[in-house]
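Trainee: Mind having a look at this structure? Questions to follow.
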Amino acid sequence: MARTEAGGYRDKLLAGAVACLQEKGYARTTARDLVAASGTNLASIGYHFGGKDALLNEAIAGFFDQWTAHVERSLFGAVLGSPREMLERAMIALVDVFEELRPQLILCVEGYPAALREPVLREKMAEAYARARQTGADMMRRAAAQLGVEPPMSPEILVSVLVAIADGLMLQWLLDPASTPDARQVVDALAALSQFIA
């Protein structure tokens, strides 16, 4: 199998899986679809992933990891600003990218109902969320340390709430983009809400 490793079959299979998920969805994608989309062979699916479902699960979880990495680059790829500016930068990376990520968002949303029936996919997605929460909390601690401020509460809880906001806005945007607030409006709403309930 050294030749297939050298040929990048694993990466080709993942790219093919993403293409199939976007075109056909989780339930309708077959192993033959994956082979056709990736330019590989049936044996390579088993060799690299153990089976079709494991490959599809890995492709969905991979999107979560890529999105988290994008947020981290957005936060720390420029000079740090105030805590509000950092929050706005994070929300821009989470929310104002919906148009650019539309095919992946559909893939992600279609993964939820499949995960309710597929324990392995549910575990993969839960692990991806856990990694995103941990990475987000680490980013928050790093930013707070560099800014010389203390997070107002547990970074893990704050990140979970921000992820929930992003997920909810993602669903709203897929159904009605024109009525979905952008990142700046989200931050303004959070600031207004904090003053209202303080």
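Trainee: Hey, what angle do you get for helix 9-24 against the long axis of the chain, alpha-carbon based, 0 to 90 degrees rounded to 10?
Mentor: The two axes meet at around 80 degrees.
Trainee: Just to confirm the number: angle between the C-alpha axis of helix 102-117 and the first principal axis of the chain, 0 to 90 degrees, nearest 10?
Mentor: 70 degrees
Trainee: Then there's this: What accessible area per residue comes out for the chain, rounded to a whole number of Å², with a 1.4 Å probe? Spell out each step's value before the answer.
Mentor: Details: 10830 Å² over 198 residues.
It amounts to 55 Å² per residue over the chain.
Trainee: Related question: For helix 183-197, what angle does its Cα long axis make with the longest principal axis of the chain, in degrees from 0 to 90 and rounded to 10?
Mentor: Tilt of helix 183-197: around 50 degrees.
Trainee: Measure off, as a whole percent, the carbon and sulfur share of the 1.4 Å-probe accessible area of the chain, all protein chains present.
Mentor: Details: 6280 of 10830 Å².
C and S atoms contribute 58 percent here.
Trainee: With the convex hull built on the Cα atoms of the chain, state its orientation-averaged projected area in nm². Show your work: numbers first, answer last.
Mentor: Details: hull surface 51.9 nm².
Computed as one quarter of the Cα hull surface, the answer is 13.0 nm².
Trainee: Right, another one. Please work out the Cα convex hull volume for segment 121-198 and give it in Å³ per residue. Intermediate values should be presented prior to the final figure.
Mentor: Numbers: hull volume 9.1 nm³, N = 78.
Enclosed volume per residue, from the Cα hull, is 116 Å³.
The values are calculated or read from the model by the stated rules, or taken from the named source; none is laboratory data. The structure displayed is predicted, hence computed values, not measured ones. The accessibility values were calculated without ligands, DNA or RNA, using every heavy atom of the protein model including side chains. Shrake-Rupley method; radii C 1.70, N 1.55, O 1.52, S 1.80 Å.
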